[in-house]
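Written out below as structure tokens is the structure these notes cover.
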Amino acid sequence: MKVLVPIKRVVDYNVKIRVKADQTGVDLANVKMSMNPFDEIGVEEAIRLKEKGVATEIIAVSVGPQEAQETIRTALAMGADRGILVKVAHEVEPLTVAKILAGIAKAEGPQLIILGKQAIDDDSNQTGQMLAQLLGWAQGTFASKVTIEGGKAEVTREVDGGLQTVRLNLPAIVTTDLRLNEPRYASLPNIMKAKKKPIDEKSPSDYGVDPAPRLKVLKVSEPPKRKGGVKVKTVQELVEKLKNEAGVI
Ligand code: AMP
């Protein structure tokens, strides 16, 4: 069974992002980029399925600039078998990515596609769901456990206030939540081996997709700065401040 793992190159989660002075977006100059953390979890899950003998081949796919090749190499060093880079120089919207992934799924015939539940740059949380719709496949989103057996996938989902377990017919879409697993670090020998693994380069037109944006970002702004706290001496003072200053009681 082939497993497709879409991975996005995003600003590293440790970077404190800066909004551009003209508020048109986030400043990406000299900023460390990494694999979206939820996608690392997706790669790890696919590798674990291969180690269990369930998956036979793992294909890591990224839609993005030439540099996204480094992100694919990271997935190959973790244990993916080959990569596909679909080159787009500008920002791509979830629907564009979903259409490209649908084209790749039709060409490759995977039984499972494991995406992240969201990319931490745009927080869209859309691509997996749109892809399931385009392919007409079942989906298990926000997965914290995945088991494949007898041509079905059992997915435990993190929902508000608890867990929900669903059974999906394969082929299916799964999106990862934080508690699904802890991704491994690539070892040095595996980083070396990954250099020899193949990465195909494609363009959106290979899948009949026009990557032109449909949305225009009007404004990006930073969250309001937090004001400093104060220490109160008594409960009475606290209640007085909550009533008269904060206006919350
Ligand atoms: P989003 O819908 O943008 O929050 O992204 C959800 C998931 O879709 C990500 O965690 C990735 O698995 C996948 N994805 C989104 N954008 C891309 C991209 N440009 N290339 C590859 N995978 C992507």
Give the residue that is surrounded by the fewest Cβ atoms within 10 Å (Cβ to Cβ), with candidates limited to residues of region 1-17 that are within 13 Å of the ligand (Cβ to nearest atom) and part of a loop (DSSP other than H, G, I, E, B). TYR13
Just to be sure, is VAL220 closer than 30 Å to LYS99 by Cβ and hydrophobic (A, V, I, L, M, F, W, C)? yes
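Quick one: in region 18-58, which of the residues that are of a type in the set (Val, Ile, Thr) and either within 12 Å of the ligand (Cβ to nearest atom) or not in a strand (DSSP E or B) (or both) is farthest from ARG179 (Cα to Cα)?
Initially, region 18-58 is screened for residues of a type in the set (Val, Ile, Thr), giving 19, 24, 26, 31, 41, 43, 47, 54, 56, 58.
The next check asks that each one be either within 12 Å of the ligand (Cβ to nearest atom) or not in a strand (DSSP E or B) (or both); those that pass are 24, 31, 41, 43, 47, 54, 56.
On the way: THR24: 34, VAL31: 27, ILE41: 9, VAL43: 14, ILE47: 16, VAL54: 21, THR56: 24 Å.
Checking each candidate, the answer is THR24.
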With the first residue restricted to region 159-178 and required to be at pLDDT 95 or above, and the second required to be acidic (Asp, Glu), Cβ contacts under 6 Å at 6 or more apart or on different chains are ARG167/GLU154; ASP177/GLU158
Odd one out for ALA119, checked against (1) within 16 Å of the ligand (Cβ to nearest atom); (2) modelled with pLDDT under 95: (2)
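Residues of region 177-190 being more than 22 Å from the chain's Cα centre (by Cα) and under 20 Å from ILE59 (Cβ atoms), which ones? Full working, then the answer.
Quick first cut of region 177-190, residues more than 22 Å from the chain's Cα centre (by Cα) only: 187-190.
ASN190, the sole residue that qualifies.
Using the structure shown, decide if TYR207 is surrounded by fewer than 13 Cβ atoms within 10 Å (Cβ to Cβ) and among the hydroxyl-bearing types (Ser, Thr, Tyr). Please lay out each step first, then the result.
Working: surrounded by fewer than 13 Cβ atoms within 10 Å (Cβ to Cβ): no; among the hydroxyl-bearing types (Ser, Thr, Tyr): yes.
Criteria not met by TYR207.
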Determine whether THR147 is among the hydroxyl-bearing types (Ser, Thr, Tyr) and under 20 Å from GLN118 (Cβ atoms). no
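Would you say GLY79 is small (Gly, Ala, Ser), over 22 Å from LYS196 (Cβ atoms) and away from the ligand (no atom under 12 Å from the Cβ)?
Details: small (Gly, Ala, Ser): yes; over 22 Å from LYS196 (Cβ atoms): no; away from the ligand (no atom under 12 Å from the Cβ): yes.
No, not satisfied.
Check GLY140, GLY136 and return the single one that is within 16 Å of the ligand (Cβ to nearest atom) and either modelled with pLDDT of 95 or more or in contact with a helix residue (DSSP H, G or I) (Cβ under 6 Å, 6 or more places away or on another chain) (or both).
Numbers: GLY136 fails: within 16 Å of the ligand (Cβ to nearest atom).
Among GLY140, GLY136, only GLY140 is within 16 Å of the ligand (Cβ to nearest atom) and either modelled with pLDDT of 95 or more or in contact with a helix residue (DSSP H, G or I) (Cβ under 6 Å, 6 or more places away or on another chain) (or both).
Go through THR147, THR175, THR141, THR165 for me and flag whichever is among the β-branched types (Val, Ile, Thr), loosely packed, with under 14 Cβ neighbours inside 10 Å and in a strand (DSSP E or B).
Details: THR147 fails: loosely packed, with under 14 Cβ neighbours inside 10 Å; THR175 fails: loosely packed, with under 14 Cβ neighbours inside 10 Å; THR141 fails: loosely packed, with under 14 Cβ neighbours inside 10 Å.
It is THR165.
Among the listed residues GLU91, GLU108, GLU51, which satisfies the condition of being at pLDDT below 95 and surrounded by fewer than 21 Cβ atoms within 10 Å (Cβ to Cβ)?
Only one candidate passes the filter, namely GLU91.
The values are calculated or read from the model by the stated rules, or taken from the named source; none is laboratory data. Quantities reported herein were computed from a predicted structural model and do not represent experimental measurements. Here Cβ is always computed from backbone atoms with ideal geometry, including for glycine, and neighbour counts include all displayed protein chains.
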